[in-house]
Amino acid sequence: MYHPIELTKKTEDIVLNGDLKKYYRFRATRFYGGIATADTVGCNLRCKFCWSGNSVWNAKNTGQFYTPEHVANNLKKIAIKKGFHQMRVSGGEPTIGRKHLLSLLTKIESRFLFILETNGILLGEDKSYVKELAKFNNLHVRVCFKGNNPEEFSILTGAKKGFEYQIKAIENLKDEKISFNIALVSFKKDSQDFINQFVNINLEQTMIEVEEIILYPKVRKRLEKEGIISYFE
Ligand code: SF4
């Protein structure tokens, strides 16, 4: 088992070079009704259902380094060409490389909405990161929970801990009045306890979407190896 914060530091050594960060693809995707997407490299979790492949599992040999300017320009070109109003970073964990992400956000024009899809670990670990994100008005954060309690989090990610950081991320986003929603990957049929945690902190209006896991051949193989495929079929 690993600790997500220690894995963050190891990943930073691989995917960051000063202000530059590794990316492996820029593309237009149909999610959110159409969004310009930059796929980054590196993550601080190892979710057993992850579709990202080499960008997570082999970061060393994947992608190239890009400046925040270059990433912002590529996203803008795609958005203008396709008539999109939204942008995001996907593929790996966008919050790894705080300086890079904050610099990238300053370069996203206010007419575009930037959707920050994150596992929330670093936003829960350090509130000052969330305070810095609060400066951007064209930002929406989507925090994807890996499991609906600490035990399921560990089964799904193989990490020692992390669920607590995800909950803390939500509290921090709420405190800083940042627009956000919650996504959940869970094999549990009943998520009422999970939902109640947010009702308890007056977040009953928060949108919680259940994320479907696509069983790509590699994902299926990994889940079979881990003995948890039956939960996802
Ligand atoms: S947090 Fe996302 S990118 Fe990282 S391992 Fe989990 S599913 Fe993959």
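We did not get these values from a lab; they are worked out from the coordinates using the rules stated. From a predicted model like this one, the values you see are computed outputs, not experimental measurements. Positions of Cβ are generated from backbone atoms using ideal geometry, with glycine treated the same way; all protein chains shown enter the neighbour counts.
Return only the number of the condition from (1) under 23 Å from residue 156 (Cβ atoms); (2) within 14 Å of the ligand (Cβ to nearest atom) that residue 6 does not satisfy.
Result: residue 6 passes all but (2).
Only one of (1) under 29 Å from residue 48 (Cα atoms); (2) in a loop (DSSP other than H, G, I, E, B) fails for residue 135. Which number is that?
Looking at each condition in turn, residue 135 falls short on (1).
Checking residue 42 against (1) small (Gly, Ala, Ser); (2) within 28 Å of residue 187 (Cα to Cα); (3) not in a loop (DSSP other than H, G, I, E, B), which single condition isn't satisfied?
(3)
Going by what's in this entry, would residue 63 be described as over 16 Å from the mean Cα position of the chain (by Cα), under 13 Å from residue 22 (Cβ atoms) and surrounded by 16 or more Cβ atoms within 10 Å (Cβ to Cβ)?
yes
If you check every pair at least six apart or on different chains, which have Cβ atoms under 6 Å apart with a residue in the range 41-60 that is without any contact (Cβ under 8 Å) to a residue 60 or more places away in the chain and more than 7 Å from the ligand (Cβ to nearest atom) first and a residue that is aliphatic (A, V, I, L, M) and not in a loop (DSSP other than H, G, I, E, B) second?
That search, which allows pairs on different chains as well, returns 41/15; 41/59; 42/15; 42/59; 59/14; 59/15; 60/14.
So, in the range 103-129, exactly how many residues are within 15 Å of the chain's Cα centre (by Cα) and either more than 30 Å from residue 188 (Cα to Cα) or outside any helix (DSSP H, G or I) (or both)? Don't jump to the end; show me each part of the working.
Taking the range 103-129 first, the residues within 15 Å of the chain's Cα centre (by Cα) are 114-125, 129.
Filter again for either more than 30 Å from residue 188 (Cα to Cα) or outside any helix (DSSP H, G or I) (or both), leaving 114-120, 129.
Qualifying residue count for the region: 8.
The conditions are (1) out of contact with any strand residue (DSSP E or B) (no Cβ under 9 Å at 6 or more places or on another chain); (2) closer than 27 Å to residue 1 by Cα, and residue 166 fails exactly one of them. Which is it?
Condition not satisfied by residue 166: (1).
Being surrounded by fewer than 18 Cβ atoms within 10 Å (Cβ to Cβ) and within 16 Å of the ligand (Cβ to nearest atom) narrows it down to one of 183, 134, 169, so name that one. Talk me through it step by step, then tell me what you get.
On the way: 134 fails: within 16 Å of the ligand (Cβ to nearest atom); 169 fails: surrounded by fewer than 18 Cβ atoms within 10 Å (Cβ to Cβ).
Only one candidate passes the filter, namely 183.
Filter the range 76-90 down to the residues that are outside any helix (DSSP H, G or I) and surrounded by fewer than 17 Cβ atoms within 10 Å (Cβ to Cβ) and list them by number.
Within the range 76-90, 83, 85 qualify.
Which one of these is in contact with a strand residue (DSSP E or B) (Cβ under 6 Å, 6 or more places away or on another chain) and either of a type in the set (D, E, K, R) or exposed (fewer than 12 other Cβ atoms within 10 Å of the Cβ) (or both): 146, 174?
Testing whether each residue is in contact with a strand residue (DSSP E or B) (Cβ under 6 Å, 6 or more places away or on another chain) and either of a type in the set (D, E, K, R) or exposed (fewer than 12 other Cβ atoms within 10 Å of the Cβ) (or both) leaves just 146.
Would you check which residues across the range 1-33 are exposed (fewer than 15 other Cβ atoms within 10 Å of the Cβ), in a loop (DSSP other than H, G, I, E, B) and either β-branched (Val, Ile, Thr) or touching a residue at least 12 places away in the same chain (Cβ under 8 Å) (or both) and list them?
Across the range 1-33, the qualifying residues are 1, 3.
Is it the case that some residue within the range 58-78 is within 27 Å of residue 228 (Cβ to Cβ) and touching a Ser or Thr at 6+ places or on another chain (Cβ under 6 Å)?
yes
Considering the range 183-204 alone, what residues qualify as being under 22 Å from the mean Cα position of the chain (by Cα) and either touching a residue at least 40 places away in the same chain (Cβ under 8 Å) or in a loop (DSSP other than H, G, I, E, B) (or both)?
Within the range 183-204, 183, 184, 185, 186, 187, 188, 191, 194, 203 meet the criteria.
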